[in-house]
1. Exactly one of (1) in contact with a Gly (Cβ under 7 Å, 6 or more places away or on another chain); (2) closer than 19 Å to S184 by Cα is unmet by A316. Its number?
2. Starting from the range 72-83, take each residue that is farther than 17 Å from A22 by Cβ and list its partners that are modelled with pLDDT of 90 or more and open to solvent by 60 Å² or more (accessible area, probe 1.4 Å), counting only C-beta distances under 8 angstrom and pairs at least six apart or across chains.
3. Given V125, V131, which one is open to solvent by less than 80 Å² (accessible area, probe 1.4 Å), modelled with pLDDT of 90 or more, under 22 Å from the mean Cα position of the chain (by Cα) and under 23 Å from K31 (Cβ atoms)?
4. Can we say A157 is within 30 Å of W366 (Cα to Cα) and either loosely packed, with under 14 Cβ neighbours inside 10 Å or out of contact with any Asp or Glu (no Cβ under 6 Å at 6 or more places or on another chain) (or both)?
5. Given the options Q127, Q99, name the one that is polar (S, T, N, Q), touching a Gly at 6+ places or on another chain (Cβ under 9 Å) and outside any loop (DSSP other than H, G, I, E, B).
6. Take the residues in the range 64-94 that are open to solvent by less than 30 Å² (accessible area, probe 1.4 Å) and farther than 30 Å from K321 by Cβ, then tell me which one is farthest from the chain's Cα centre (by Cα).
7. Picking from S195, S221, which residue would you name as being exposed (fewer than 13 other Cβ atoms within 10 Å of the Cβ), closer than 26 Å to W111 by Cα and not acidic (D, E)?
8. If you take the residues of the range 153-194 that are without any contact (Cβ under 8 Å) to a residue 60 or more places away in the chain and farther than 18 Å from G295 by Cβ, which of them is farthest from the chain's Cα centre (by Cα)?
Amino acid sequence: MLNSTNYDVVVIGGGPAGLVCALLMARAGEKVVLVDRPFPSSSDSVANKLTENNREKVGESMPAATNRLLQKLDLPLLTYPNHDVIAGSESNWANYYEQQDFIHHLQGGDWRLDRVKFEDDLRLVVQEQSVDLCYERLINIDKHDGQWCIKTDQNNAFYTNFVIDASGRSGVLSKRLSLTKEKSPALVALWAAMSIDDAQYQKITTNTLIESQDDGWWYASRLPTKKVLAIYHTSASRAADLMKQPQQWLESLQKTDIMANRLPLTQFVDFVLKANTARSSRLMTPYGDGWAACGDAAISFDPISSQGIYNAMASAGMLCKALQQEDRQNALEEYGRRLESVATIYQQKRQQYYQQAYRHHQTDFWQAQLNINA
């Protein structure tokens, strides 16, 4: 038997963008349901589903301006020691070493998130706003006579006149509508995070570490969860090879100048490599009749920007503000223009970094990332 319910807004996706959208629309008096895939746990308890081992995520950096955004959205601020303040950065990019000290920045240091806790805190605020949360697999999205019907694998059907696609890079709704996405060349993030004891943890720098190599680039840091993280961004073919031979991933990490001298790489024993797509993309049409996209579903960033989570939340805030305007169509048009402006600025900065790397390394990887014809 199908259980059907009517809502003013259905939000697809339970990451930072989806949670912010659900919260802001509920605050505006809308009846909202958030639909997200189930967590990998057999327990029926939401609390038990949200375990760190099942939910470890690679994205964890936020710029110093984050607390200003959270304050604007009336959300819990980032605090230490739940999250870690990043002291600065060290990079060896295209054989050019640079060190930055964030203590001199007007807004202070950037933040390293405990990503699980960050999303849990957001989720609690959303629940307090009486948003319905549905953690079930979405099996169909259809539209008849101006009304959407979102069905799940547990025989639930949600009817609404407006859908917000915050489903991340997968872009559930944009795929359903066969919309065009502008994508950068394929880029895969291969990562591993290892637990370390407190004594070692305290010795590790809080700096963000970045280094380019011939076939990709590294990012590494310590995490607030007493782990050390290393990520290699490379081509899809190279990533496939390294997944089969993870020891080569470690050997590449050991050849770095910065990471090899700053991190306890001997802790990377019996590690498991995980892979995420890391290419940037932009939905050419981020809104339409009865729907709009935000976060990575609308515009996603190469991790070199360290802006992914921040921009996901910022775009969610912009979208919800547009949806609450009397002239919604005009407001959505302005929303689309602002997203385009953000994408343009981001792409210009990305090209600068990658061009610098290509001039030094002169390899197929960097050539492909710049879309340079051989």
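The values are calculated or read from the model by the stated rules, or taken from the named source; none is laboratory data. This is a predicted model, so every value here is computed, not measured. So basically every Cβ, Gly included, is an ideal-geometry build from the backbone, and we count neighbours across all protein chains shown. Ligands, DNA and RNA are stripped out before the accessible areas are found, and what is left, the full protein with its side chains, is counted by its heavy atoms. Shrake-Rupley method; radii C 1.70, N 1.55, O 1.52, S 1.80 Å.
1. With respect to (1) in contact with a Gly (Cβ under 7 Å, 6 or more places away or on another chain); (2) closer than 19 Å to S184 by Cα, A316 is out only on (2).
2. L77/Q71; N82/K117; H83/K117
3. Values: V131 fails: under 22 Å from the mean Cα position of the chain (by Cα).
Selected residue: V125, the only one of V125, V131 that is open to solvent by less than 80 Å² (accessible area, probe 1.4 Å), modelled with pLDDT of 90 or more, under 22 Å from the mean Cα position of the chain (by Cα) and under 23 Å from K31 (Cβ atoms).
4. Values: within 30 Å of W366 (Cα to Cα): no; either loosely packed, with under 14 Cβ neighbours inside 10 Å or out of contact with any Asp or Glu (no Cβ under 6 Å at 6 or more places or on another chain) (or both): yes.
It is false that A157 is within 30 Å of W366 (Cα to Cα) and either loosely packed, with under 14 Cβ neighbours inside 10 Å or out of contact with any Asp or Glu (no Cβ under 6 Å at 6 or more places or on another chain) (or both).
5. Details: Q127 fails: touching a Gly at 6+ places or on another chain (Cβ under 9 Å).
Among Q127, Q99, only Q99 is polar (S, T, N, Q), touching a Gly at 6+ places or on another chain (Cβ under 9 Å) and outside any loop (DSSP other than H, G, I, E, B).
6. The first filter runs over the range 64-94 and keeps only residues open to solvent by less than 30 Å² (accessible area, probe 1.4 Å), leaving 64-66, 69-70, 73, 75, 78, 83-84, 86, 88-94.
In the following step, the residues that additionally are farther than 30 Å from K321 by Cβ were identified as 84, 88-94.
Numbers: D84: 18, G88: 21, S89: 20, E90: 22, S91: 22, N92: 24, W93: 23, A94: 26 Å.
Out of the qualifying residues, it is A94.
7. Values: S221 fails: exposed (fewer than 13 other Cβ atoms within 10 Å of the Cβ).
When all the criteria are applied, what remains is S195.
8. The first filter runs over the range 153-194 and keeps only residues without any contact (Cβ under 8 Å) to a residue 60 or more places away in the chain, leaving 153-154, 175-176, 178.
Of the ones still in play, those that are also farther than 18 Å from G295 by Cβ are 153-154, 178.
Working: D153: 26, Q154: 28, S178: 23 Å.
Top of the filtered list is Q154.
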